[in-house]
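The values are calculated or read from the model by the stated rules, or taken from the named source; none is laboratory data. Treat the numbers as computed from the prediction; the structure is a model and nothing was measured. Glycine gets a Cβ as well: all are built from the backbone with ideal geometry, and neighbour counts include every protein chain shown. What goes into the accessible areas is simple: the full protein's heavy atoms, side chains included, and nothing from ligands, DNA or RNA. Shrake-Rupley method; radii C 1.70, N 1.55, O 1.52, S 1.80 Å.
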Amino acid sequence: MQTRTLGRTGHTVSVIGLGTWQLGGDWGDVTDADGAAVLAASVEAGITIFDTADVYGDGRSERLIGHFLANDAPGAEITVATKMGRRAEQLPENFVLANFREWTDRSRTNLGMDTLDLVQLHCPPSAVFKSGEVYDALDTLVDEGVIKNYGVSVETCDQALAAISHPGVATVQIILNAFRLKPLDEVLPAARAAGVGIIARVPLASGLLTGKYSRETVFADSDHRNYNRDGSHFDVGETFSGVDFEVGLQAATEFAALVPAGLTPAQAALAWVAQIDGVSAVIPGARSVAQAQANAAAGVAEPLGVAFNEAVQDIYDRLLRKQIHPRW
């Protein structure tokens, strides 16, 4: 497994990590036993960074990780990146030190940790990213030993650029995949220049890039790929990267035709993101041991090369650019 430095945290992490939104239940039902098995398989495959949030299953994802690290993998050198801020109404005035203390205390309890490795603001309103008081409050938590590092999770490139300009921000988490290329224009260069780590989320475009879906695919009622296609529950960019499902299927078919022998479409999609200069970690989810193992294998893939990159750009330009909302 290739490793990278996670921005200003200084932590060395695997280039393929594990996103654990699915352990909270928003991708269909996942049992505690299945969740523990996914975590164990990931560690065995060399994954050393888990990404979670206090709202995934109302803390269930954090609790599963905390129980696993305490009971099944004591001493494992795993960086846990959690997120906070979605438990309150999304108003800038709610992003204050008192709330930060409450939210981080809850995450510390869920995870069984005195000090959190990395806490990310969880896609707050844009005004939050420009507030000096917000960063002062986060610095206070670092000084008090509640958190070691802080970062942000963003929906837009403008939000990412605003955060990168603040010296305390260690990482930026952003949607980046073969169907979402805008971050390559300004965000990645700015992050590299500032020494800020990039955590790439939704790297498989909610599974589209696996090449396993068709027009007949049915998602469970509890799966956001069913209930959030119109963005009625949270930002639609989190679901299929904001791409129309049928257009995404066509693009996925073309992407699959590019994949070299020895890799699946999903592995090629993950490897493509992981091989971008400036990306610290890619955090696909996994609902099974087999998925966790297959995802990790992308961390040892050979370079995909210039021709592959050019073909990805061509698919984006022809099919997807007009699908992506300008704010992304």
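Using a/c under 1.5 as the rounded threshold, could you call segment 249-328 rounded, prolate or oblate? The axes a ≥ b ≥ c are square roots of the C-alpha gyration tensor eigenvalues, and prolate needs a/b larger than b/c, oblate otherwise.
Working: a/c = 1.57, a/b = 1.44, b/c = 1.09.
Because a/c hits 1.5 or more and a/b exceeds b/c, segment 249-328 counts as prolate.
Keeping all protein chains in place, calculate the accessible area per residue for the chain (probe 1.4 angstrom), answer in Å².
Numbers: 13040 Å² over 328 residues.
Counting only protein heavy atoms, the per-residue value for the chain is 40 Å².
Could you give the nm distance between label points at THR217 and ASP32, where each point is 7 Å from its Cα heading toward the beta carbon?
3.1 nm
Extension gain GLU186-THR3, at 0.36 nm per residue separation less the Cα-Cα distance, in nm? Working shown, then result.
Numbers: separation 183, 0.36 × 183 = 65.88 nm, distance 2.38 nm.
Stretched fully, the GLU186-THR3 segment lengthens by 63.5 nm.
For ALA127 and VAL247, FRET efficiency with R0 = 25 Å and r from the beta-carbon atoms, rounded to 0.05?
Details: r = 33 Å, r/R0 = 1.30.
It comes to 0.15.
Run the quick spin-label model on GLU254 and LYS322: label points 7 Å from Cα toward the beta carbon, then report their separation in nm to one decimal.
1.2 nm
May I ask what percent, to the nearest 5, of DSSP beta bridges between residues of the chain are antiparallel? Present the calculation step by step, with values, prior to reporting the outcome.
Working: 5 of 34 bridges.
Around 15 percent of the beta bridges assigned by DSSP in the chain are antiparallel ones.
Can you give the relative contact order of the chain as a percent, counting alpha carbon pairs under 8 Å and 6+ residues apart?
Numbers: 637 pairs, mean separation 74.5, N = 328.
Computed over the chain, the figure is 23 percent.
Carbon and sulfur: what percent of the chain's accessible surface (1.4 Å probe)? Could you put the intermediate results ahead of the total?
Numbers: 6430 of 13040 Å².
The computed percentage sits at 49.
Could you give the dipole magnitude of segment 195-256 about its Cα centre, charging the beta-carbon of Lys and Arg +1 and that of Asp and Glu -1, in debye to the nearest 20? List each step's numbers first, then the result.
On the way: 5 positive and 9 negative charges, 40 e Å.
Around 200 debye, computed over segment 195-256.
By how many nm would the segment from VAL142 to LEU97 grow when fully extended, if each residue of separation counts as 0.36 nm and the alpha-carbon distance is taken off? Write out the running numbers ahead of the final one.
Working: separation 45, 0.36 × 45 = 16.20 nm, distance 1.18 nm.
Contour length minus the Cα-Cα distance gives 15.0 nm.
Equivalent-ellipsoid semi-axes (√(5λ), Cα gyration tensor) for the chain, whole Å, largest first? Spell out each step's value before the answer.
Values: eigenvalues 161, 99, 77 Å².
Calculated on Cα positions only, the semi-axes equal 28, 22, 20 Å.
Counting C-alpha atoms alone, how compact is segment 79-229: give Rg to one decimal and Dmax as a whole number, in angstrom.
16.7, 53
About the Cα centre, and with charges only on the beta carbon of Lys, Arg (+1) and Asp, Glu (-1), how big is the dipole of segment 38-132? Nearest 20 debye, please.
Numbers: 9 positive and 13 negative charges, 55 e Å.
Computed about the Cα centre, the dipole is about 260 debye.
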